[in-house]
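The values are calculated or read from the model by the stated rules, or taken from the named source; none is laboratory data. All values derive from a computational prediction rather than experimental measurement. Ideal geometry is used to build each Cβ from the backbone, glycine not excepted, and the neighbour counts take in all protein chains shown.
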Amino acid sequence: MGGAALDGRPGWVTLLRAPNPGPMTLDGTNTWVLRAPGEELGFVIDPGPLDEGHLRAIAEHAPFRAILITHGHFDHVEGAPRLSAMLGGTPVLTSFDADIASDGFRIRVLDTPGHTADSVCFLAESGNSPAMFTGDTVLGRGSTVVAAPDGDLGAYLESLELLRTHPDVPMLPGHGPAQPDVAAMAQFYLDHRRERLAQVEAAMGQGADTPEKVVDLVYPDIDPAVRFAAIFSAKAQLDYLSHKNRESGTRADGLDRL
Ligand SMILES: [Zn+2]
């Protein structure tokens, strides 16, 4: 196994989970510390909330080349300025698109909008051992929120298609447990989203014309604590479907004119 954990997690990564559990954060935000064997400098992915104890636990793994951010949600990035200051000015890299090759790593940045417009995944590789850090694009369990105005379901489905092209790469998400194969997870959520879209289309056929009515029909037993998130998701689904229907309507018009 070469030091890999049972879930396929490589030996060069350490999980530090922030103490911020909740309905939207699952067990808490996952902060990942990367350090290639024998290298002095490591990397931090998503320092998490501004929690002094959590940030101190990260700082114990210093020194770091950089602090990387998967997307701008507070539960991932809020602690970044404080951590950087604790470490004497370690740079915080947000919305960068250059790949990193140093300190025993190759880190590729994949644009994966959908959960938010700024969401990226990091494909990190040390030796022959890769891992995909997915932030909130794919969670370790449960379905991520794809909500207007920042979320975009069409972009999200394309991002899942992209992740599906990386078979047998362990997945290290922003919340929830690591998973052995990011491509299998992406395929699972592609199927799940398409199933949901078919359900929303059916609900629209039954006259559900608002996100609230869609949620009542499609998720009748939803936990009240996350109902607002389902309503945001339903809005994204309605937007996506009406946009798609408009597009196919346009194509049909074009064909009519031929
Ligand atoms: Zn998020």
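Scoring Thr165 on the criteria (1) over 24 Å from Thr29 (Cα atoms); (2) of a type in the set (Ser, Thr, Tyr); (3) in a helix (DSSP H, G or I) leaves a single failure, condition (3). Return yes or no: is Thr137 in contact with an Asp or Glu (Cβ under 6 Å, 6 or more places away or on another chain) and under 23 Å from Gly8 (Cβ atoms)? So Thr137 does not fit the description; no. Pairs are defined by a Cβ separation below 6 Å, a sequence spacing of at least 6 or placement on different chains, a first member in the range 144-170 that is on the phi < 0 side of the Ramachandran plot, and a second member that is among the charged types (D, E, K, R) and within 13 Å of the ligand (Cβ to nearest atom); the pairs so defined are Thr144/Asp136. Is it the case that the range 83-106 has a residue that's of a type in the set (A, V, I, L, M, F, W, C) and within 16 Å of the ligand (Cβ to nearest atom)? Scanning the range 83-106 turns up no residue that is of a type in the set (A, V, I, L, M, F, W, C) and within 16 Å of the ligand (Cβ to nearest atom).
Against the list (1) within 14 Å of the ligand (Cβ to nearest atom); (2) in a loop (DSSP other than H, G, I, E, B), the condition Ala148 fails is (1).
Condition check: over 21 Å from Asn30 (Cβ atoms) and of a type in the set (S, T, N, Q). Does Gln179 satisfy that? When the stated conditions are applied, Gln179 does not pass them.
Against the numbered list (1) within 16 Å of the ligand (Cβ to nearest atom); (2) touching a residue at least 40 places away in the same chain (Cβ under 8 Å), Ala131 comes up short only at (1). Being touching a strand residue (DSSP E or B) at 6+ places or on another chain (Cβ under 7 Å), under 23 Å from Gly151 (Cβ atoms) and of a type in the set (Asp, Glu) is a property that holds for Asp46.
State yes or no: is Ala66 without any contact (Cβ under 8 Å) to a residue 60 or more places away in the chain and touching a helix residue (DSSP H, G or I) at 6+ places or on another chain (Cβ under 6 Å)? Answer is no for this residue. Pull up the range 114-128, narrow it to residues that are surrounded by fewer than 19 Cβ atoms within 10 Å (Cβ to Cβ) and either polar (S, T, N, Q) or within 14 Å of the ligand (Cβ to nearest atom) (or both), then point me to the one that is farthest from Ala229 (Cα to Cα). Here the residue is Asn128. Taking every residue in the range 225-243 that is among the hydroxyl-bearing types (Ser, Thr, Tyr) and pairing it with any residue that is modelled with pLDDT of 90 or more, at least 6 positions away or on another chain, the pairs with Cβ-Cβ distances below 7 Å are Tyr240/Leu153; Tyr240/Gly154. Return yes or no: is Gln206 of a type in the set (S, T, N, Q), without any contact (Cβ under 8 Å) to a residue 24 or more places away in the chain and under 23 Å from Ser159 (Cβ atoms)? Considered against the rule, which asks whether it is of a type in the set (S, T, N, Q), without any contact (Cβ under 8 Å) to a residue 24 or more places away in the chain and under 23 Å from Ser159 (Cβ atoms), Gln206 comes out as no. Of the conditions (1) in contact with a His (Cβ under 6 Å, 6 or more places away or on another chain); (2) more than 30 Å from Ile222 (Cβ to Cβ); (3) in contact (Cβ under 8 Å) with a residue 60 or more places away in the chain, Val33 fails just one. Which one is it? Status for Val33: all satisfied but (3). Looking across the range 168-204, the residues that are over 24 Å from Pro10 (Cα atoms) and of a type in the set (A, V, I, L, M, F, W, C) come down to Leu190, Leu197, Ala198, Val200, Ala202, Ala203, Met204.
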